[in-house]
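Below you'll find the structure, written out as structure tokens, and then a few comments.
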Amino acid sequence: MLDKDMIDAIRVSSGKRVRLKDFDTGWAQTKELKALGKEAFKERAKVILEKNLEELAGAQELLYADDRYAVLMILQAMDAAGKDGTIKHVMSGVNPQGCQVFSFKKPSVVELNHTFLWRSMICLPERGRIGIFNRSYYEDVLVVKVHPELVNQKLPPGKRGKSFWQARYDDINALEQHLVRNGTVILKFFLHVSKEEQKRRFLERLDRPEKNWKFSASDIAERAFWDSYVEAYEDALSETTTEWAPWYVVPADNKWVTHAVVADLLISTIHSLDLRYPEVTEQQRKALAEARTKLIEEDE
């Protein structure tokens, strides 16, 4: 498992104002890791990731068999922070039947005819499954806050000031508390990439033909709002990190760090649930013994 000090360093404390500049985007998160060195930590992270991927398939099967909990993993980030790659690498060994992935983009007309939480609520994972939201209902306190003209015009009249956004934070907290009380474990990751690393990744998408399709002109347009997005994220993280659904600010400048951290927190969270396979009753044992006898007798 990863160093506990590192996990503590990236977990957002409830009741405190978040400043993203206080969270490192790179690999040297603690004094111990700095002393260890980048290459040594990279090898360690690789081993941790491989071990967690081996364990994750069995953990997901147990989660399904236990049938009491669901796990909801939310990924939020600036563009090019690595959400898609994180999902691909961390979930590579999981049975596809036990994992549900949803990406939330520009809302449709149907979605705008409902509350801002609706389109995510209908995609929530059922018990026994891991659900992954690539972006989520948090978009309505992030991109919509940066671009207030995107606020649903079908809402009742009223001011769109501080109290409006606070009401949305309160709605999100209430929803997540409801989910947790009913057996959905929530893991929220903000993949924290630096502006310099985002620029490097954008240029790579432009320079490599096989990655051109991933680039959009809107990426550059949104980059111009970097400071506004930082402020919106700081507000959202501050107001919606709770005891029941905390945020983790995951360093994203080095993808091997991102993958190792997310995988480690996911597997350790599932292990903490005290899951167990259903107990077989005496009647079921007799039925199993009879079935075994019949199968053996087929060869006689």
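Take a quick pass over segment 144-206 and tell me how many lysine pairs come in under 23 angstrom between Cα atoms, counting only ones 8 or more apart or on separate chains. If you can, show how the numbers build up before the last one.
Details: LYS145/LYS154; LYS145/LYS159; LYS145/LYS162; LYS145/LYS188; LYS145/LYS195; LYS154/LYS162.
Within segment 144-206, the lysine pair count is 6.
Quick check on segment 145-300: take the gyration tensor over C-alpha atoms, sort the square-rooted eigenvalues as a ≥ b ≥ c, and tell me if it's rounded (a/c under 1.5), prolate or oblate. Spell out each step's value before the answer.
Working: a/c = 2.81, a/b = 1.74, b/c = 1.62.
Prolate, because a/c is 1.5 or more and a/b exceeds b/c.
Heavy atoms only, probe 1.4 Å: what % of the accessible area of the chain goes to carbon and sulfur, would you let me know?
Numbers: 8700 of 16500 Å².
Its accessible area is 53 percent carbon and sulfur atoms.
What dipole magnitude, in Debye to the nearest 20, does the chain give about its Cα centre under +1 on Lys/Arg Cβ and -1 on Asp/Glu Cβ?
On the way: 45 positive and 47 negative charges, 232 e Å.
Using Cβ point charges on Lys, Arg, Asp and Glu, the chain gives about 1120 debye.
Residue by residue through segment 4-17, what is 3J(HN,Hα) from phi via Karplus (6.51 cos²θ - 1.76 cosθ + 1.60, θ = phi - 60°)? Round to whole Hz and write x for glycine and proline.
4, 4, 5, 4, 4, 5, 9, 7, 7, 7, 6, x, 10, 6
Give the calculated FRET efficiency between HIS114 and GLU282 to the nearest 0.05, with a Förster radius of 45 Å applied to their Cβ-Cβ distance. Could the numbers behind the result be given before it?
Values: r = 49 Å, r/R0 = 1.09.
Once rounded, the FRET efficiency stands at 0.35.
How do LYS16, LYS199, LYS145, LYS159 stack up against each other in accessible area, from largest to smallest, with a 1.4 angstrom probe?
On the way: LYS16 135, LYS199 110, LYS145 55, LYS159 180 Å².
Descending accessible area places them as LYS159, LYS16, LYS199, LYS145.
With every protein chain left in place and a probe of 1.4 Å, what is the accessible surface of VAL109, to the nearest 10 Å²?
Estimated to the nearest 10 Å², VAL109 gives 110 Å².
How much mean residue ellipticity at 222 nm does the chain get from its helices, if each DSSP H run of length 4 or more adds -39500 (n - 2.57) and you divide by all residues, to the nearest 500 deg cm²/dmol?
Values: 13 runs with 150 residues, N = 300.
My calculation for the chain gives -15500 deg cm²/dmol from helical runs alone.
About its Cα centre, how strong a charge dipole does segment 111-166 have in debye, to the nearest 20, once Lys and Arg get +1 and Asp and Glu get -1 at the Cβ? Mind showing how you got there, number by number?
On the way: 9 positive and 5 negative charges, 32 e Å.
Computed about the Cα centre, the dipole is about 160 debye.
Report the residue, chosen from GLN166, GLN177, GLN97, that carries the largest GNM mean-square fluctuation when the chain is represented by alpha-carbon nodes joined by springs under 10 Å.
Comparing GLN166, GLN177, GLN97 in a Gaussian network model of the chain, the most mobile one is GLN97.
With every protein chain left in place, what is the accessible area per residue of segment 192-255 in square angstrom, probe 1.4 Å? Display every interim value, and only then the final one.
On the way: 3250 Å² over 64 residues.
Each residue of segment 192-255 exposes 51 Å² on average to a 1.4 Å probe.
Give the span of segment 94-196's Cα atoms along each principal axis, as three whole-Å numbers ordered largest to smallest.
On the principal axes, segment 94-196 reaches 45, 39, 26 Å in Cα extent.
Anyone know which of LYS51, LYS286, LYS211 comes out most mobile in the 10 Å Cα GNM of the chain?
So, out of LYS51, LYS286, LYS211, the one fluctuating most is LYS286.
Taking Cα atoms, how many degrees apart are the long axis of helix 226-240 and the longest axis of the chain, rounded to 10 and kept between 0 and 90?
Once rounded, one gets 50 degrees.
Of THR241, THR269, which has the most accessible area with a 1.4 Å probe, and how do the rest follow in descending order? Intermediate results must be reported in sequence, preceding the final value.
Details: THR241 5, THR269 25 Å².
These residues rank, largest area first, as THR269, THR241.
Mind listing the long-range amide H neighbours of GLN100? Cut-off is under 5 Å, sequence gap 5 or more, other chains count too, H placed in the peptide plane at 1.01 Å from N.
Under 5 Å from the amide H of GLN100 lie the amide H atoms of ILE130, GLY131, ILE132, each far enough along the sequence or on another chain.
Taking just the alpha-carbon atoms of the chain, what radius of gyration and Dmax come out, in angstrom?
21.9, 81
Treating the beta-carbon of each Lys and Arg as +1 and of each Asp and Glu as -1, no other charges, what is the dipole magnitude of segment 134-284 about its Cα centre, to the nearest 20 debye? Provide the component values of the computation, followed by the final result.
On the way: 20 positive and 24 negative charges, 117 e Å.
It comes to approximately 560 debye.
Out of ASN182, PRO157, LEU266, whose Cα points farthest toward the positive end of the dipole of the chain (charges: +1 Lys, Arg; -1 Asp, Glu; placed on Cβ)?
PRO157
As a test of the definition: which semi-axes, in Å, follow for segment 39-150 when you take the square root of five times each eigenvalue of its alpha carbon gyration tensor? Largest first, please. Walk me through the intermediate numbers first.
Values: eigenvalues 175, 84, 17 Å².
Equivalent ellipsoid of segment 39-150: 30, 20, 9 Å, largest first.
Relative to the first principal axis of the alpha-carbon coordinates of the chain, what is the inclination of helix 162-181, with its axis defined by its Cα atoms, in degrees from 0 to 90 and to the nearest 10?
Rounded to the nearest ten degrees, it is 10.
The values are calculated or read from the model by the stated rules, or taken from the named source; none is laboratory data. Here the structure is a predicted model, which means the values were calculated and not measured. When we count neighbours, we look across all protein chains shown, and the Cβ atoms used for this are built from the backbone with ideal geometry, even at glycine. For accessibility, only protein heavy atoms count, side chains too; no ligands or nucleic acids. Shrake-Rupley method; radii C 1.70, N 1.55, O 1.52, S 1.80 Å.
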